[in-house]
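Student: For reference, the structure I am asking about is given below.
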Ligand code: ATR
């Protein structure tokens, strides 16, 4: 049984380690490969994988939207997310799911034990990562969600797309934000390059928790700590939880994640 992660670049990925650790919980062997798909032929790469015995695959940047387009069948959460990170085949048809949103929510709610219901939530960024998590986040019934993005229009579009969930949701620019918020989630990919955009003061109060979808010691989390955030967390737990959800889609059982998160952290 061969599994894989498609991406470009992909060599940095910790997915093989994570999936091997999951499989070891039931003493299953695991062949998990990293596939550097060419930027101009993701579809060809996927087709080759499944036609030569591949069973399941994860998809990372920059192919999640292409994977969505390629699928014959989509789960509800993948349809809303507009992106697919989990692929498998059923009766020769390519099926897609998106486990990023449920991965983040599981990490925040069950691992960190941070509340989500009735919380005032600010999301920084309005790219694919945000679209992927909005559905599962709204299902937790926060008080409201504001999406703030450099390109305000993209945040507004996203807020309109998710307006029918019974939770007030707004979108706009990175200025004119009035805090404090209970939870701030960062999905601005500039954090990867070591910088954060200028943000207005007053977003963080003594109760504010800050979560970065990226893992590691990020500029956003450093900023949050300087501003006096009550608690901060990076996206390592999200990475492991989205993998666990994908694993359960492929194998029909959900692995334990706590020890794997600790193992990855160390
Ligand atoms: P992802 O899949 O990580 O969401 P993406 O779809 O390319 O990647 O989105 C990147 C996000 O980071 C966007 O919200 C982007 O803002 P714009 O929509 O205005 O482009 C944000 N971003 C990237 N670089 C940024 C920067 N230097 N300052 C502020 N926001 C930035």
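Student: For the stretch 94-142 and the stretch 36-82, write down the distance between their C-alpha centroids in whole Å.
Tutor: Their Cα centres are 22 Å away from one another.
Student: In what order do 104, 161, 196, 238 fall by count of nearby beta-carbon atoms within 10 Å, going from fewest to most?
Tutor: Lowest count first: 161, 196, 104, 238.
Student: Once both labels are modelled 7 Å past Cα along the beta-carbon direction, what's the residue 76-residue 25 spacing in nm?
Tutor: 2.5 nm
Student: Continuing with the same structure: Between 29, 142, 180, find the one with the highest GNM mean-square fluctuation for the chain; connect C-alpha pairs within less than 10 Å.
Tutor: Sorting by GNM fluctuation, first place goes to 29.
Student: At 7 Å along the Cα-to-beta-carbon direction for both residue 113 and residue 258, put a label point, then send me their distance in nm to one decimal.
Tutor: Label-label distance for residue 113 and residue 258, simple model: 1.1 nm.
Student: A further question follows. Compute the separation of the alpha-carbon centres of the stretch 1-31 and the stretch 201-254 and state it in Å as a whole number.
Tutor: Cα centroid of the stretch 1-31 versus Cα centroid of the stretch 201-254: 22 Å apart.
Student: I've got another one for you. Starting from the Cα-Cα distance between residue 13 and residue 69, subtract it from 0.36 nm times their residue separation and give me the gain in nm to one decimal.
Tutor: So the chain would gain 17.8 nm between residue 13 and residue 69.
Student: What length, rounded to one decimal in nm, is gained on full extension from residue 222 through to residue 55, with 0.36 nm per residue of separation minus their alpha-carbon distance?
Tutor: Roughly 56.1 nm would be gained on extension.
Student: Gain in length, residue 189 to residue 165, computed as 0.36 nm per residue apart minus the alpha-carbon separation, to one decimal in nm?
Tutor: Computed gain between residue 189 and residue 165 is 6.0 nm.
Student: Same structure again: Return the calculated 222 nm mean residue ellipticity for the chain, to the nearest 500 deg cm²/dmol, obtained by summing -39500 (n - 2.57) across DSSP H runs with n ≥ 4 and dividing by the residue count.
Tutor: When only DSSP H runs of four or more count, the value is -10000 deg cm²/dmol.
Student: Turning to a different aspect of this structure: Taking square-rooted eigenvalues a ≥ b ≥ c of the alpha carbon gyration tensor, is the stretch 101-234 rounded, prolate or oblate, where a/c under 1.5 means rounded and, failing that, a/b exceeding b/c means prolate?
Tutor: rounded
Student: Rounded to the nearest 0.05, what FRET efficiency do residue 39 and residue 2 give with R0 = 30 Å and r taken as the Cβ-Cβ distance? Could you check?
Tutor: Given R0 = 30 Å and the Cβ-Cβ separation, E is 0.85.
Student: If you don't mind, another one. Can you tell me what share of the DSSP beta bridges in the chain is antiparallel? A percent to the nearest 5 is fine.
Tutor: Antiparallel bridges: around 20 percent, rounded to the nearest 5.
Just so you know, all these numbers are worked out from the coordinates, no wet-lab data involved. None of the values given here were measured: they were computed from a predicted structure. Please note: Cβ atoms are built from the backbone with ideal geometry, for glycine as well, and neighbour counts cover all protein chains shown.
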